[in-house]
Amino acid sequence: MKAARQLEYFDNLIQMFMTRALEKGDAPFLWAKREGAWRPTSWAEARRQVVALATSLKQIGLGPGDRVMLVSENRPEWLISDLAIMAAGCVTVPTYTTNTSRDHAHILGNSGAKAVIVSTDKLARNLIPAVLTSNDCHHVIGIESIRVGQSPEWIKCHSWTKLAEGEGDAASVEKFAADAKRADLACIIYTSGTGGAPRGVRLHHGSMLHNIAGATDVISTDFGWGDEVFLSFLPASHALEHTGGQLFPIGLGAQIYYAESLEKLAANIEEVRPTIMIVVPRLFEMLRQRILKGLEGSGGLSKYLFRRALRIGQDKYDGKLKPWDLPMDGLLEVTLRKKLRKKVGGRVKAWVSGGAPLNPDVGIFFQSLGITFLQGYGQTEAGPVISCNRPSVGIRLETVGPPVKDTEVRIAEDGEIIVRGELVMHGYWRNREETERVLKDGWLATGDIGHFDDKGRIVITDRKKDIVVNDKGDNIAPQRVEGMLTLQPEIAQAMVYGDRKPHLVALLVPEADIAKSPDVRQRLSAAVDRVNADLSVIERVRRFIVADSPFTVENEQLTPSMKIRRHVIKDAYGELLEALYGRVG
């Protein structure tokens, strides 16, 4: 392992970028697939574009502190735009590509953004109606050609390509990099909101720099900091990808490849051969099912080796590996595990999982097959990284690891996890009431319930507001039950229900391949029975109904970060769920 390296101190994110760009020069930085081939943008060219675009933003009338909304899929122009907005002294307001016109209108109105950068004509269709009703937004900048229609004279349309031409005023950007402080506002990220309208989280430069330093400490100390390669596919507008998948690589001087799509992700992984991947649990639950399904057509030897790998992996995790299993473990390392690692590029240091709770069985599954799996924890309000598993402490997948460097975490009297440090936001944008509710004496109330284990790793038991209290006063963590249900091959999505009730019931979304099968209820019932066998009496699901359609962002039953919106689902299915308690038998 290489000696640990420390990330140098930076006063702001632009200073960090400009420093790395000068160090790396013509080395490749950002990669995108165009006309069937991966094509790079060098560090020097990215720096030129950032400077030129920042200069142009000021020339069209944007000033210090002005908000600029960014609506784009993941691509090099996303990160260049983000950096240019900040380099102009403005504030980035990244938004989800899945937002409706109503969502855009809320964010434009609440943030008071004076300009928007949008990537494609398709994404502009939901955005432009919101712009037309905005009181503050006067500039629309299209990365590609967009059709605005007969816009009023107070809305000016610009070409991103033209604004990013030329050399720009490098001296002005360098002055900003020298003068801007860590406490200065860098971006406003609107939380996806499991209830109510999204709130704008005010993240300062120091919040994200603190995250980057903490993540660098994990990589450098536990894996060795080398020539890192990231594959970006989570939405860049999500705090986890924004900090972990876009800004963290800058700190490391790494390369970023932008995945073509979720459908092409597996092929992109083989092509790109990333060293670090930022992921969400649902992706790996899907991948696990795909691997198991693919194994069905394999020969007897492959199945045998696979079963042995899982058994040995579980024994290793439990600290019960038997001496006579060591030869088989060695054989698996040069056969099955080597083959799987090649499928994910052959040089992965770690997959880092965040954004939602990971079922430990999924993590152990992949670790058994030779992939190091680090579950982390965070919130947009904390930049978002609070903690992460790491080999030097011992990876326990039922935990989210110890707090990252220079981060204070305590457990309040009621079991709530509270956090203090430079990573904590400065509050919600234009929302004093909510700010005062979650920030007290410098501590961020996360709304999560948990405790520390004997090694100082955080164990999260549930969301404070999501805990189900049955009619006997027992506390039940619905996310644990839902996680176990969705591990079954028949169940794609689940929501359990039962507050102040005698037992739990569930709403299930079947996997697509059985959804129209005549025996779908019987197959779902068998899956529920298998899960119930591993649950305590109070956690067991006694009855269920089948959802009319999957939970999606479009029907507002999922947040853009793939968390279920319980209140929306309850509004749609509440009467049917209640009716389950009136059935006999």
Review point. In the list Lys455, Lys440, which residue meets the criterion of being touching a Gly at 6+ places or on another chain (Cβ under 9 Å) and surrounded by fewer than 20 Cβ atoms within 10 Å (Cβ to Cβ)?
Key: Lys455
**Study point:** Matching residues, region 68-114, being within 20 Å of Ala130 (Cβ to Cβ), outside any helix (DSSP H, G or I) and either β-branched (Val, Ile, Thr) or in contact with a Gly (Cβ under 9 Å, 6 or more places away or on another chain) (or both)
**Key:** Val68, Val71, Cys90, Val91, Thr92, Val93, Thr95, Thr97, Thr98, Thr100, Lys114
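Leu326 - would you say it is part of a helix (DSSP H, G or I), assigned by TED's automatic domain parsing to the domain that holds Thr407 and over 25 Å from Val218 (Cβ atoms)?
When the stated conditions are applied, Leu326 passes them.
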Exercise for review: Residue by residue through region 115-137, note down the ones that are surrounded by fewer than 17 Cβ atoms within 10 Å (Cβ to Cβ) and in a helix (DSSP H, G or I).
Suggested key: Asp121, Lys122, Arg125, Pro129, Leu132
Review point. Going by the conditions given, is Thr552 of a type outside the set (Asp, Glu) and farther than 21 Å from Lys465 by Cβ?
Key: yes
Exercise for review: Being outside the structural domain of Asn99 (by TED's automatic domain parsing) and hydroxyl-bearing (Ser, Thr, Tyr) is the filter; apply it to region 138-191 and report the residue that is surrounded by the most Cβ atoms within 10 Å (Cβ to Cβ).
Suggested key: Tyr190
Check your understanding: Could you say whether any residue in region 301-317 is buried (at least 16 other Cβ atoms within 10 Å of the Cβ) and basic (Lys, Arg)?
Key -> yes
Practice item. Go through region 120-143 and count every residue that is under 23 Å from Phe233 (Cα atoms) and touching a helix residue (DSSP H, G or I) at 6+ places or on another chain (Cβ under 7 Å). Key: 4
**Study point:** Criterion: more than 30 Å from Pro94 (Cβ to Cβ), under 30 Å from the mean Cα position of the chain (by Cα), touching a residue at least 40 places away in the same chain (Cβ under 8 Å) and assigned to a loop (DSSP other than H, G, I, E, B) - qualifying residue of Asp548, Asp534
**Key:** Asp534
Study note, to complete from the structure: When Leu331 is run through (1) over 29 Å from Leu295 (Cβ atoms); (2) surrounded by fewer than 23 Cβ atoms within 10 Å (Cβ to Cβ); (3) not charged (D, E, K, R), the failure sits at (1)
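The values are calculated or read from the model by the stated rules, or taken from the named source; none is laboratory data. Given the structure is predicted, the values throughout are model-derived calculations rather than measurements. Virtual Cβ from ideal backbone geometry, glycine too; neighbours counted across all protein chains shown.
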